[in-house]
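Report on the structure given below.
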Amino acid sequence: MAKAKTAQHPDKPKRPASAYILYMKDERENVKNNHPDLPPKEIIRVVAQQYKALSEAEMKPYVDAYERAKEDYDIAMEEFFVKHPEERGAKGAGGAKKGAAKKGKEDGDDKPKKGRAPTAFILFSQACRNKYKKKHGKSLGFKESIY
């Protein structure tokens, strides 16, 4: 079953195209004209190989264009959130950053995540782990537990 796409606010700015997409837009027609017999999937593959082979100097205009567009996008998003503060926490609104701290277990925390009932296996393994800690004064690491 496919996930339903979340509706986005009509005023929300679109994310900028990456350096690769900008290069793809420029080079796709050239490859298409030079190799008219190639199917679209192969054209994309050829352009991708060309992009991977670019030096930093050749890639720089595309990276610079992306960075300028990203700066404009960031400014537009801040203006969007000023006008629509209710959208800041909305899913897909760009409110949360990737790699943000995860809720739930921390290192050394034996408690399950909030809001989730522990399974029988979790309860059993916690009891065994606590017994082992009391007996040996330390807990098993992953390698010790499987060997």
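The values are calculated or read from the model by the stated rules, or taken from the named source; none is laboratory data. In this text the structure is predicted, and so the values were computed from the model without any measurement. No Cβ is skipped: glycine too gets one built from the backbone with ideal geometry, and neighbour counts run over all protein chains shown.
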Handout entry: Test result for residue 57, at pLDDT 90 or above, surrounded by 11 or more Cβ atoms within 10 Å (Cβ to Cβ) and not in a loop (DSSP other than H, G, I, E, B)
Key = no
Completion exercise
Exception for residue 47 within (1) outside any loop (DSSP other than H, G, I, E, B); (2) modelled with pLDDT under 90 falls at (2)
Exercise for the section: Pick out the one residue from 26, 37 that is among the acidic types (Asp, Glu) and assigned to a helix (DSSP H, G or I). Expected result: 26
Handout entry: Residue selected from the stretch 1-44 under the condition more than 30 Å from residue 78 (Cα to Cα) and under 23 Å from the mean Cα position of the chain (by Cα), by the criterion surrounded by the most Cβ atoms within 10 Å (Cβ to Cβ)
Key = 44
Completion exercise
The residue from 111, 133, 105, 143 that alone is out of contact with any Gly (no Cβ under 6 Å at 6 or more places or on another chain), surrounded by 10 or more Cβ atoms within 10 Å (Cβ to Cβ), at pLDDT below 85 and assigned to a helix (DSSP H, G or I) is 133
